[in-house]
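Encoded as structure tokens, the structure appears first; notes follow it.
The values are calculated or read from the model by the stated rules, or taken from the named source; none is laboratory data. Only a predicted model underlies this, so the values are computations on that prediction, with no experimental measurement involved. Every residue, glycine among them, receives a Cβ derived from its backbone with ideal geometry; neighbour counts consider all protein chains shown. We work out accessible area using only protein heavy atoms, side chains counted, and drop any ligands, DNA or RNA first. Shrake-Rupley method; radii C 1.70, N 1.55, O 1.52, S 1.80 Å.
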Amino acid sequence: MAGDQVHVLAALDGAKTQWYHFTAIVVAGMGFFTDAYDLFCISLVTKLIGRIYYTVPGSPSPGSLPPTVSAVVNGVAFVGTLSGQLFFGWLGDKVGRKSVYGMTLMLMIICSVASGLSFGRTPTSVMATLCFFRFWLGFGIGGDYPLSATIMSEYANKRTRGAFIAAVFAMQGFGILAGGGVAIGITALFRALFPAPPYAADPVASTPDQADYVWRIVLMLGALPAALTFYWRMKMPETPRYTALIAKNAERAAADMSKVLNVEITKEQAGDLETAISIKSHTSPSFGLFSREFMRRHGLHLLGTASTWLLLDIAYYSQNLFQKDIFSAIGWIPPAPTMSALDELYHIARAQILIALCGTVPGYWFTVAFIDSVGRFKIQLMGFFMMTAFMLGLAGPYDYWTGQGHQVGFVVMYALTFFFANFGPNATTFIVPAEIYPARFRATCHGISAASGKVGAIIGSFGFLYLAQSPDPAKTAHGYHPGIGVRYSLFVLALCSLLGFMLTFLVPEPKGKSLEEMSRETEPDHC
């Protein structure tokens, strides 16, 4: 901006790392902890729900969700998330980030509990109410994406801004671990209290009545981390950049900065900001979202951030949501008839924790460690390239990997695709949209980019469900049509990663630059 503003807004860019930065990471990060727990725990409990409500008497195999029900249960939260990202992103730019930040968390708390209290005992009533509450849970989760990223970017200094935003997003890894850990803990307790034989030995007794409580408890516990941080989220002040640049209240912006960042701002400096804001309101660009001037400045950027997030999520979520099916296909999880319902949940949760520990969580924190030295652009390129390479490495010799004695190698390769997704585009696609757009469009454009990603997640969760089915009709899951198999599905996902690599060249590098410099807010309108 104008040089007069350097006293206040530049103080944000040059501020030392302080206690409030870590407080903000934890408060915003616990929202993402909850997000990941809620979105991924459903993949753990769907097989248990299938056994409880969809077992056919006399069938040689335990029950599973019908294809349409499975697709809806997995996808409805994504539809809600997509809607929330667009709505709360827009609302955050209109009325303020803080003003709507508490709404998203309250929705998560209420709907996490309500998901576990899904009404009725018939499959139709339970699934209908579960899907209803998971839509609104997703709506709250969706709002957390643009708001948390924008709040963290607008408070962070430019030297460590990438690491701070990445640390907020990295809490997803712990949320995934928590989902698996809670499932294992609750399952272990119920297995000890209500032992059950394998399905092959006694189909009815293999799923004790008490198993219906297990999936409900797992889903409801997603409300706990959100509830623990609600008070602190409501105490967070509005970001000084929003207050100064959009609300145009320099005095309040200076007061909030002094309070939370322990930065002394004199009345003269606050007055400089007031003057600069007045000058800016007459000289700064006045173009609207999707105007010709916006498209000239940021059109390719928005195409880049939206398309790379979409392609990343097609690959990421199709693997993540259905990793239990991949593990079953390579024999790493025993056949369903040889386990009781709770045994199956235990094995799936254990596999998920292993992948998270080996690939997901380290990948997130490698990004935190290196993003401000290596840069967003290079990390995203590397991540997409390595995802492509490892998926091709899995798909090419797929028969070898699924052969006897090679399953561990398959799991290692599979974990490495997650490592480079998280030390790569899964983190950078979240970070960059919060850094490169003007303040008055920042949350909206982040929401648009994130919503594009959720379109990819929906494609991944629906498409992979059908594509990965065996081409042999005799080997497809009950109720599914033949697909192209896991091997050729991995080739499709590798192609998505390769396209993401190429489209990354549309995205600028924000490393070491101020938000105002990246958003080009000081440029006059193009005539």
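Miscellaneous remarks
- Element breakdown for segment 73-164 at a 1.4 angstrom probe: carbon and sulfur atoms account for 79% of the accessible area.
- Computed with a 1.4 Å probe over protein heavy atoms only, the accessible area of Thr124 comes to about 110 Å².
- At most 13 other Cβ within 10 Å, DSSP loop - trypsin sites (Lys or Arg not before Pro), segment 7-64: Lys16
- Accessible surface comparison of Leu117, Leu228, probe 1.4 Å, protein chains only, largest first: the order is Leu228, Leu117.
- Computed with a 1.4 Å probe over protein heavy atoms only, the accessible surface of segment 66-107 comes to 32 Å² per residue.
- Label selected from [x] 58, 31, 19; [y] 44, 24, 19; [z] 36, 29, 20, the criterion being semi-axes √(5λ) of the Cα gyration tensor in Å as computed here: [y]
- Most to least accessible of Ile165, Ile110, Ile314 (protein chains only, probe 1.4 Å): Ile110, Ile314, Ile165
- Remark: the Met220-Ser99 segment gains 40.9 nm on full extension, using 0.36 nm per residue and subtracting the alpha carbon distance.
- Of the solvent-accessible surface of segment 401-527, computed with a 1.4 Å probe over protein heavy atoms with every protein chain present, carbon and sulfur atoms account for 69 percent.
- Per-peptide packing, taken as the mean over residues of other Cβ atoms within 10 Å, places 374-385, 190-201 in the sequence 374-385, 190-201 from highest down.
- Taking the Cα centre of segment 121-218 as origin and assigning +1 to Lys and Arg Cβ atoms and -1 to Asp and Glu Cβ atoms, the resulting dipole is close to 380 debye.
- Where segment 391-498 is the region considered: accessible area per residue in Å², 1.4 Å probe: 34
- Estimated 222 nm signal from helices in the chain, with DSSP H stretches of n ≥ 4 weighted -39500 (n - 2.57), rounded to 500: -24000 deg cm²/dmol
- Cα centroid separation, segment 74-93 to segment 28-60 (Å): 21
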